[in-house]
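Okay, structure first, notes after.
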Amino acid sequence: MGAGGQKAPLPSKPKIIIMHHFTYKAGALHAEDVPITTIADAVGTPFYCYSTATLERHYNVFNDALARFDHLICFALKANSNQAVIKTLGNLGAGMDVVSEGELRRALMAGVPGEKICFSGVGKTRDEMAYALKSGILSFNIESEPELTVLSETATSLGLTANIAIRVNPDVDAKTHAKISTGKAENKFGVPFKDALRVYAHAASLPGLKVHGVHMHIGSQITDLTPFKNAFLLMRELVIALRNAGHSITHIDLGGGLGIPYEETAEAPPHPDLYADIIENTVGDLGATFIFEPGRLITGNAGILVSKLLYYKEGEAKDFMIVDTAMNDLIRPTLYDAYHQILPIAEQQASAPKYLMDVVGPVCETGDFLAENRELPRLAPDDLIAILSAGAYGAVQSCTYNSRPLIPEVMVKGEEFAIIRPRPTLEELINLDKLPNWL
Ligand code: LLP
């Protein structure tokens, strides 16, 4: 079966254009002006590859859309925390949204000043709070009353004051995958909207805390503006009520979550200009600095995962393209049912026949797939593929399962490329283990 066998090629589908700088030139996929094969020859496969021009473009499009507001974009570092990515965005003026001391240190080390950093997350430890207080961060986004108490104690013990916003859970359905929905009552995030005034009063009564803002974040990969609108309207109500109660609310943090196109045949998510219109029509007149925490929107389509075909296996029901990357490098397909477009690095004729196949890795799990039931041309061993839209929640979520070392990250700028995280050796991986003295 396969080419020339019983499996008939499939009809071709219409395409939408996804904006990035990974394009074919003279029949070969390039990252900006660098052939992917050149990078593969230098670093081996698999590897992540980021495009500076795409990163900058996405930041600038979002920033331009928000230009009508006094605002700060705090890139959600969890999406991609490589120093080179942080520094590229920091150079454009971005602040950072962090969720651990590790992320905070990454932001500071890349030169982002503390006063542009927000600290979110439900489980900040005392040590993390102390480090952030000493770093003079812009805001602690507080998620519970016990956390308020601990932050107050930590700040007073250091003789410092923490600027705080309280994350409010508006109980709206973001209409996204259940594992990345954060603004429903059953999710662990934020304090219930109905309790917010009481929690703010509590915060204002505690020493070492300065209430300065409100915070929300309802989920990720949101492609419908209605949940944003509903949540922003609730924030409006809250800000007015808080000000009436005597709180000075100077910062409104609307979180991140705006979705990106992953699929060439799907409807494109709303443009940032339309998102900005929703803000203008809901909270735009409240007179505050708006903070945004986009992650995926900035880096998602600025990165690809490059892999090599090891074997083409003809199954009974469908074929399997077995490649050298796997779920440990990119967990999104199996964890979130995510779709990532896959392109051969060597451009195929439009008329090249396509076949239904799963693209799978070497990891010993049925859930180890990069794509299921995908229509792709039949490639041969050693051919390279690019898994697109892998710049957000790709490398950061990777692990060494099956004793596979973390894979390198490469950044391209024009005709140049640099390894921004090298591939560790197997020896380095194994030497992380230490034997107890009785063995
Ligand atoms: N702010 C907060 C408080 C967040 O929890 C998140 C994401 C963001 C901002 C950024 O959201 P974005 O603009 O990237 O949608 N690993 C999952 C996504 C998890 C998102 C968690 N929070 C994935 O691969 O789809």
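The values are calculated or read from the model by the stated rules, or taken from the named source; none is laboratory data. The model shown is predicted, which means the values in this text are computed figures rather than measured ones. Cβ: placed from backbone, ideal geometry, glycine included. Neighbour counts: every protein chain shown.
Across the stretch 394-414, the number of residues qualifying as surrounded by fewer than 24 Cβ atoms within 10 Å (Cβ to Cβ) and within 11 Å of the ligand (Cβ to nearest atom) comes to 2. When 107, 84 are screened for being within 28 Å of residue 208 (Cβ to Cβ) and out of contact with any Asp or Glu (no Cβ under 6 Å at 6 or more places or on another chain), only 107 passes. Looking across 372, 416, one residue alone is touching a residue at least 60 places away in the same chain (Cβ under 8 Å), at negative phi and out of contact with any Ser or Thr (no Cβ under 6 Å at 6 or more places or on another chain). It is 416.
Looking at the stretch 134-151, can you tell me whether even one residue there is of a type outside the set (Val, Ile, Thr), assigned to a loop (DSSP other than H, G, I, E, B) and within 12 Å of the ligand (Cβ to nearest atom)? Yes, the stretch 134-151 contains a residue that is of a type outside the set (Val, Ile, Thr), assigned to a loop (DSSP other than H, G, I, E, B) and within 12 Å of the ligand (Cβ to nearest atom). Looking only at residues that are part of a loop (DSSP other than H, G, I, E, B) and either touching a helix residue (DSSP H, G or I) at 6+ places or on another chain (Cβ under 6 Å) or free of Cβ contacts under 8 Å to residues at least 12 places away in the same chain (or both) in the stretch 314-347, which one is farthest from the ligand (Cβ to nearest atom)? Top of the filtered list is 316.
Taken over the stretch 152-184, residues that are part of a helix (DSSP H, G or I), of a type outside the set (A, V, I, L, M, F, W, C) and away from the ligand (no atom under 16 Å from the Cβ) amount to 5.
Scanning the stretch 240-289 for residues that are within 22 Å of the chain's Cα centre (by Cα) and charged (D, E, K, R) gives 253, 263, 264, 267, 273.
Restricting to the stretch 250-264, name every residue that is more than 6 Å from the ligand (Cβ to nearest atom) and in a loop (DSSP other than H, G, I, E, B). If the condition is that a residue be more than 6 Å from the ligand (Cβ to nearest atom) and in a loop (DSSP other than H, G, I, E, B), then 250, 254, 259, 260, 261, 262, 263, 264 are the ones that fit. Here residue 142 passes the criteria (1) surrounded by fewer than 18 Cβ atoms within 10 Å (Cβ to Cβ); (2) in contact (Cβ under 8 Å) with a residue 24 or more places away in the chain; (3) in contact with a helix residue (DSSP H, G or I) (Cβ under 9 Å, 6 or more places away or on another chain) except the one numbered (1).
Please indicate, with yes or no, whether at least one residue in the stretch 189-212 is in contact with a helix residue (DSSP H, G or I) (Cβ under 7 Å, 6 or more places away or on another chain) and among the polar types (S, T, N, Q). So far as the stretch 189-212 goes, no, none of its residues is in contact with a helix residue (DSSP H, G or I) (Cβ under 7 Å, 6 or more places away or on another chain) and among the polar types (S, T, N, Q). Within the option set 352, 346, 386, 418, being over 18 Å from the mean Cα position of the chain (by Cα), outside the structural domain of residue 260 (by TED's automatic domain parsing) and at pLDDT below 95 holds for one residue only, 352. Here the stretch 325-357 is the region considered, the condition is being among the acidic types (Asp, Glu) and surrounded by fewer than 19 Cβ atoms within 10 Å (Cβ to Cβ), and the residue that is nearest to residue 179 (Cα to Cα) is 337. From the list 185, 203, which residue is modelled with pLDDT of 95 or more and more than 28 Å from residue 268 (Cα to Cα)? Of the residues listed, the single one that is modelled with pLDDT of 95 or more and more than 28 Å from residue 268 (Cα to Cα) is 203. The single condition among (1) aromatic (Phe, Trp, Tyr); (2) part of a loop (DSSP other than H, G, I, E, B); (3) away from the ligand (no atom under 12 Å from the Cβ) that residue 189 does not meet is (3). Figure legend. Inter-residue proximity from the stretch 210-235: first residues within 30 Å of residue 159 (Cβ to Cβ) and in contact (Cβ under 8 Å) with a residue 40 or more places away in the chain, second residues within 14 Å of the ligand (Cβ to nearest atom) and outside any strand (DSSP E or B), beta-carbon distance below 8 Å, spacing 6+ or different chains. Indicated pairs: 215/120; 215/190; 215/255. Filtering the stretch 192-232 to residues that are surrounded by fewer than 16 Cβ atoms within 10 Å (Cβ to Cβ) and either away from the ligand (no atom under 16 Å from the Cβ) or under 17 Å from residue 164 (Cα atoms) (or both) leaves 192, 194, 195, 197, 198, 201, 205, 207, 210, 226.
When residues of the stretch 37-82 are filtered for being among the aromatic types (Phe, Trp, Tyr), under 23 Å from residue 103 (Cα atoms) and more than 17 Å from the chain's Cα centre (by Cα), how many remain?
Residues meeting the conditions: 1.
Which of the residues spanning the stretch 163-220 are of a type in the set (Ser, Thr, Tyr) and over 20 Å from the mean Cα position of the chain (by Cα)?
Residues satisfying the conditions are 200, 205.
In this structure, residue 112 does not qualify as within 15 Å of the ligand (Cβ to nearest atom), farther than 19 Å from residue 165 by Cα and surrounded by 18 or more Cβ atoms within 10 Å (Cβ to Cβ). Inside the stretch 280-313, residues that are crowded, with 24+ Cβ neighbours inside 10 Å, of a type in the set (Ser, Thr, Tyr) and either part of a helix (DSSP H, G or I) or within 12 Å of the ligand (Cβ to nearest atom) (or both) make up a count of 1.
When the stretch 88-107 is filtered for residues that are buried (at least 19 other Cβ atoms within 10 Å of the Cβ) and more than 16 Å from the ligand (Cβ to nearest atom), the ones remaining, listed by number, are 88, 90.
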